[in-house]
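**Q** Take this structure first; my questions come after.
Computed from the coordinates by the stated procedures, all read-outs in this text should not be read as laboratory data. Just so it is clear, the structure is predicted and the values come from calculations on it, not from any experiment. Cβ sites come from the backbone with ideal geometry, for glycine too, and all protein chains shown count toward neighbours.
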Amino acid sequence: MTVCKKRMMINKIKNVPNQKTVDLAYLKSSELPLFLYGTGSYATDVKQFLDKHAIYLDGVVLDETYYKDDLFFEDYKVQLLHNVLSNYATVNIIIAFSEYRDRIAALTSHPQVARCMFIDAPNLEDHFFDYEYIKKDYSIWAELYEKLEDDHSRQVLVAFINAKISGFPGDLYDLNVKGEKQYFPSFLRLSDSEVFVDCGAFDGDTILEFDKQTAGKYNQIYAFECDPVNIGKLKNNVGKLNNVEIIQKGCFSRKGILSFSNRGSGISKIEENGNFQIEIDAIDNMISNKEVSFIKMDIEGAELEALKGAKSVITKKCPQLAISVYHKPEDLITIPQYILLLNKNYKIYLRHYGYNSWETILYAINTKL
């Protein structure tokens, strides 16, 4: 790739204020009633984000399609959106579901709505990319851009960076591949003899999709999950599948004990002040003698450490990899660097799933297969 083409990437990066920062400043200064529009899992994420910044809700609303009498969201009795807009002179509204753009456009023009917004709420720490952060180490980002295998991957990289800089993930959302299942893109080929390692198996959702993608024809599944609540769900959901071994340990770079926050959800994670102690170990220690063919990792920021613990497996077995790279700002650089250090024959792809700036997955496909 020529220097000119490398420079094309920086021309696509936005030098704009972060909308999330702007919205937070506005909400802290506004005295208008604030309503959360939505009651699903993302509404919980947004509520936690607001609480962290000492911004408190006056209520929670739904429209007629989903509203039910006596429905509660945490301690809030859910109200009908139409009634709130009729009873208040002016309000602020935060959208907390996937179809946010059309609703923002509609509500922004409503005479009772001062501001309607979507907050790309983080599930870990607040990490605000800015233009200078990218520009300072631009050569590193340009190198990744060059190594990505296809144009769609390069578009995802640019859109991901811009979503973090701007605080608005709309362009990234538009790059979702219609009908494609997370962890199973069209370029990832599965044989009838797969040995699948699921790091962060949660409730078995990915394992069930793997079973569907292979039509039940595979050799073995190793499911790693630490949260005891999730373990119960996992056993219930995959109990009827063949050749599934559930291992209640965390995948890491070494053997030991770490603190863990067990939330009974997909965001349970290793955390210094966690409420639970878990066993951790390296994949190389636990299953290095197995013919591993596919590894998926979604372990809330511990992915690089887990990859370090799979050094031997990756070097010797060359499994296909599907790795979450959105939990830490540096993951998008350090994870592909480490994978290619271990095995230069991998082709690297990026794909995005979902409506916010989470669920960006790096795929490493072994070209020797």
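**Q** Where a Cα-Cα gap under 27 Å defines reach, which lysines qualify for Lys178, not counting those fewer than 8 residues away within the same chain?
**A** Cross-link targets: Lys12, Lys14, Lys147, Lys164, Lys212, Lys217, Lys296, Lys328, Lys347.
**Q** If you look for lysine pairs in region 19-118 that are eight or more places apart or on different chains, how many of them have Cα atoms under 17 Å apart?
**A** 7
**Q** Subtract the Cα-Cα distance of Lys212 and Tyr131 from 0.36 nm times their separation in residues, and report this length gain in nm to one decimal.
**A** Full extension of this stretch gives 25.0 nm more.
**Q** Testing the spin-label approximation: label points 7 Å from Cα along Cα→Cβ at Tyr338 and Tyr66. State their distance in nm.
**A** 3.6 nm
**Q** Any chance you could list P(r) for region 117-247, counting all Cα-Cα pairs in 10 angstrom bins from zero, rounded to whole %?
**A** Bins of 10 Å from zero give 10, 28, 28, 26, 7, 0 percent of pairs.
**Q** Note down the nm distance, to one decimal, between modelled labels 7 Å out along Cα→Cβ at Lys14 and at Asn83.
**A** Calculated label separation equals 3.7 nm.
**Q** How much of the calculated P(r) for the chain lies past 38 Å, in percent of all Cα pairs?
**A** So the portion of pairs separated by more than 38 Å is 23 percent.
**Q** Rounded to the nearest whole Å³, what is the per residue volume of the convex hull around the Cα atoms of region 19-118?
**A** Value for region 19-118: 99 Å³ per residue.
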